[in-house]
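Heads up, the thing below is written out as structure tokens.
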Amino acid sequence: MKQRITIVVLGHVDHGKSTLVGRFLFEKGIVHAEEIERYATLGAEMGKASFKYAWVMDRSDESRKRGLTLDLNYADVETRRREIHIIDAPGHRDFVRSMITGTTGADAALLVVDSQEGIMPQTREHAQLAKLMGLERVVVAVNKVDKVNYDPEAIGRVATEIRQLLEGLGLMKPDIIPVSAWEGQNITSRGEQMSWYKGRTLEEVLDIVEPRGGPKGGSLRMPVMQVLTVGGVGTVVLGRIERGEVKEGDELLVMPVNKVGIVRSIEAYGKKIDKAEAGETVGVALRNIGKLEVSRGDVLGPVDDPPKLVEDFTAKIVLIGDVGIVKLGWSPYIHCHTTAVPVKLEAIEMKLRPDSGEASGEAETSFLIDGDAAIVRMRPLKPLILESTDILPGMSRFALRLGKDTLGAGSCISMRITERLGTTSESESRGFSYKHKKAGSGAKEMKKRKDEERRDIWGKPIEKEKKGKK
Ligand code: GDP
């Protein structure tokens with residue numbers, strides 16, 4: 001059987017992420033020439049003919065009008081040894097949130113860099129986030145090489161800059177492939193315009209990417225990425241299994257809702273399977289759980305060892321960007337696995353040297369600024385499920401964000417768990433109002449509207465439970 005891997009596509013806006021994936025799907029015969037031509041005609045009417053490949057991935061109408069990728073888009077492609085699940089993350093600043101969600105589930109990143117523009121702010125930001133979210137493998141496509149006339153020197157300069165950026169972050173020996181998404185060079189076949197390039201094509205590199213693998217043993221932990229209702233099947237939750245395994249008939253607890261569901265069936269990459277394990281991205285159909293009872297950010301686990309809510313936690317963090325002066329009481333959002341929850345900074349325990357992570361010996365610990373690294377204690381203001389790095393790295397790494405800005409990242413070292421559900425600590429009483437809100441009619445309407453436009457992680461349109469007129 002072929003190994004399954006998930007690749008998240010990252011890079012600065014307009015560097016050609018969607019075009020590259022669209023062209024790849026076209027060359028693999030997954031998207032037909034007629035479809036591309038249809039997009040070309042449609043695009044010509046809007047003065048956007050150059051988006052004909054990108055639109056294979058950008059499915060929503062709004063995305064098309066703005067020429068931007070709005071939410072995560074998915075596609076599947078098979079190579080000789082791999083079944084590859086591609087997640088196209090948006091490059092626009094507003095959507096780093098979905099990028100983080102996409103990255104937690106990925107085995108490797110495909111970083112797209114425009115050969116003319118070189119490294120741009122989002123190139124750097126995405127590379128940093130990929131590293132912070134635990135991806136070790138980054139494949140780089142130096143794109144639009146047609147625009148620099150396939151010149152080995154110009155391409156070599158950009159490649160060197162990128163290698164320095166990535167190796168500086170600890171992402172060693174990245175594969176760097178010069179490609180033209182538009183002209184179809186070095187994607188599935190060697191570019192006839194670049195006889196000087198002796199390396200692998202994009203497809204050949206993706207064919208040897210190893211899955212990140214999950215920790216062996218331990219109880220199931222599956223953070224929910226997306227929830228759908230599938231006609232005749234009921235509620236289906238999609239996500240990557242971070243630890244353990246799930247089988248048909250298992251009883252699972254959905255946290256923090258604290259409700260038991262029974263696994264009716266499991267689907268991976270469009271195929272039904274009996275059992276799935278750590279590292280796999282799957283859809284799990286649950287009996288006894290209504291669609292509005294589970295949402296993105298919840299975690300599934302077994303009844304006898306359920307995912308635990310965190311009362312407070314200690315973490316190593318690094319601050320980046322426009323943070324100003326961070327003092328106790330600072331309340332950013334923590335984006336961890338598939339969830340985003342506000343937290344409060346309660347203590348700065350020790351400052352660290354940002355380069356080595358060792359204690360800096362600095363006595364001043366009443367505030368932090370851009371570039372500082374520290375060990376801190378934080379308290380979630382809404383229910384949060386988190387694990388420590390030594391136990392489950394995939395559920396310990398997080399980004400800190402406020403509004404549209406990413407202000408830092410870190411990983412949880414240790415935590416105190418909330419002992420019992422139903423106590424009246426601050427975080428939990430807020431937790432219940434949060435749950436209540438989630439099921440309210442406003443939220444229901446919004447969810448319904450969103451879901452009507454959405455597709456599942458295998459790219460199929462999401463079917464509505466009730467049969468419409470069509
Ligand atoms: P994204 O925002 O990174 O997903 O970028 P898009 O895929 O939407 O591409 C942005 C623009 O760059 C579109 O007009 C594409 O046609 C163009 N583009 C992408 N790849 C290439 C390439 O290899 N060569 C040239 N000349 N243009 C490209």
Per-residue HN-Hα couplings for segment 114-123, Karplus 6.51 cos²θ - 1.76 cosθ + 1.60 at θ = phi - 60°, whole Hz, x for Gly and Pro? 5, 5, 7, 7, x, 6, 10, x, 6, 4
Within the accessible area of segment 18-61 (1.4 Å probe), percent carbon and sulfur: 51
Amide H to amide H under 5 Å from residue 177: which residues, 5+ apart in sequence or cross-chain, H placed 1.01 Å off N in plane? 140, 141, 142
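Which percent of the accessible heavy-atom area of segment 244-394 goes to carbon and sulfur, probe 1.4 angstrom? It would help to have the intermediate numbers written out before the result.
Numbers: 3050 of 6190 Å².
Carbon and sulfur together cover 49 percent of it.
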Pick out, in residue order, every one of the trypsin sites (Lys or Arg not before Pro) in segment 204-248 that is DSSP loop and has at most 14 other C-beta atoms within 10 Å; say none if there are none. 216
Label residue 370 and residue 204 with points 7 Å out from Cα along Cα→Cβ: what is the distance between them in nm? 4.3
Taking 10 °C and 1.306 mPa s as the conditions, I'd like the Stokes-Einstein D for segment 139-270 in µm²/s, using the Kirkwood hydrodynamic radius from alpha carbon pairs. 85
Calc'd 3J(HN,Hα), segment 398-403, phi into Karplus 6.51 cos²θ - 1.76 cosθ + 1.60 (θ = phi - 60°), Hz, glycine/Pro = x, comes to 8, 10, 10, 9, 9, x
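Using a 1.4 angstrom probe on heavy atoms only, work out the carbon and sulfur share of the accessible area of segment 104-219 in %. Walk me through the numbers on the way to the answer.
Values: 2330 of 4890 Å².
That share works out to 48 percent.
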Taking the Cα centroid of segment 298-329 and of segment 145-172, what is the distance between the two, rounded to the nearest whole Å? 36
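Would you mind classifying segment 206-353 by shape? Square roots of the alpha carbon gyration tensor eigenvalues, ordered a ≥ b ≥ c; an a/c under 1.5 is rounded, otherwise it is prolate if a/b is larger than b/c and oblate if not. Could the numbers behind the result be given before it?
On the way: a/c = 2.24, a/b = 1.76, b/c = 1.28.
Prolate is the answer for segment 206-353, as a/c is 1.5 or above and a/b outweighs b/c.
Would you work out the charge dipole size for segment 256-383 about its Cα centre, treating the Cβ of every Lys and Arg as +1 and the Cβ of every Asp and Glu as -1, and quote it to the nearest 20 debye?
Details: 17 positive and 19 negative charges, 147 e Å.
Result for segment 256-383 is approximately 700 debye, rounded to the nearest 20.
Of the cross-linked pairs 48/144; 173/316; 28/271; 147/404; 48/271, which ones have a Cα-Cα span greater than 28 Å in the structure shown?
Working: 48/144 17 Å; 173/316 26 Å; 28/271 20 Å; 147/404 32 Å; 48/271 36 Å.
147/404; 48/271, as the Cα separations exceed 28 Å there.
The values are calculated or read from the model by the stated rules, or taken from the named source; none is laboratory data. None of these values were measured; they are calculated from a predicted model. Cβ sites come from the backbone with ideal geometry, for glycine too, and all protein chains shown count toward neighbours. The area values use the complete protein model at the heavy-atom level, side chains included, leaving out ligands, DNA and RNA. Shrake-Rupley method; radii C 1.70, N 1.55, O 1.52, S 1.80 Å.
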